[in-house]
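Asker: What follows is a single structure, and I will ask about it in a moment.
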Amino acid sequence: MLRPILIHPDPRLKKLCAPVADIGAEIGRLAEDMLETMYDAPGVGLAAPQVGVMKRLLVMDCVKDPEAAPRPMVLINPEITWRSEETNVYEEGCLSIPDQYAEVTRPAMVRVRWTGLDGAAQEEEFTGLWATCVQHEIDHLDGKLFIDYLGPIKRQMITRRMEKLKRDRARGGT
Ligand SMILES: [Zn+2]
């Protein structure tokens with residue numbers, strides 16, 4: 001089932017999310033819906049607060065090659081356990097900030113520990129787009145958006161555009 005994606009500015013996108021306490025059927029359904037919503041958008045990552053669920057869960061799939069097999073990932077209670085000193089600049093976007101892109105500098109590599117849908121602990125090192133994506137999505141769980149890395153003028157400009165977009169949508173525009 002597709003879930004509506006919250007658009008910035010929204011107070012739910014600025015909140016610290018609570019850890020997932022137990023992985024039951026509800027969490028399984030949430031993860032499935034989030035993957036479907038992410039692929040439909042289309043996007044490479046989606047965090048639970050973006051669909052209004054204030055829990056520490058994210059989904060991602062950074063396989064860009066349409067010929068390659070997809071790799072849908074579900075990360076519950078993810079934690080960055082190591083960051084490289086080397087950084088990487090990526091032009092980031094966000095499904096909650098449609099059609100706005102800006103360069104963000106982040107560690108080029110991160111090691112992340114999380115719990116899978118099966119309840120098992122997992123740990124993996126991410127590089128390239130995967131590293132950028134997982135850091136961007138974990139930021140969402142802490143109420144942080146990629147525009148928070150920009151200067152105040154650029155951030156305000158994007159926020160005003162989003163306020164206008166929301167007004168237009170509320171009026172029934174496209
Ligand atoms: Zn985002």
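Values in this text are rule-based calculations from the coordinates and carry no lab data. What you see is a predicted model, and the numbers here were worked out from it, not measured in a lab. Virtual Cβ from ideal backbone geometry, glycine too; neighbours counted across all protein chains shown.
Asker: Give the relative contact order (percent, whole number) for the chain; include only Cα pairs under 8 Å separated by 6+ residues.
Answerer: 24 percent
Asker: Arranged from highest to lowest average of other beta-carbon atoms within 10 Å per residue, in what order do the peptides 27-33, 147-153 appear?
Answerer: The most tightly packed comes first, giving 27-33, 147-153.
Asker: Among 62-70, 40-48, 130-138, 157-165, how do they line up from the highest to the lowest mean number of other beta-carbon atoms within 10 Å?
Answerer: On the way: 62-70: 9.1, 40-48: 20.1, 130-138: 23.1, 157-165: 15.2.
Ranked from most to least packed, the peptides come out as 130-138, 40-48, 157-165, 62-70.
Asker: Still on this structure: Which number comes out as Rg/Rh for segment 17-109 once both Rg and the Kirkwood Rh are worked out on C-alpha atoms?
Answerer: Here the Rg-to-Rh quotient is 0.98.
Asker: How big is the Kirkwood radius of the chain, worked out from every pair of different alpha carbons and given in Å to one decimal?
Answerer: Roughly 16.6 Å, rounded to one decimal.
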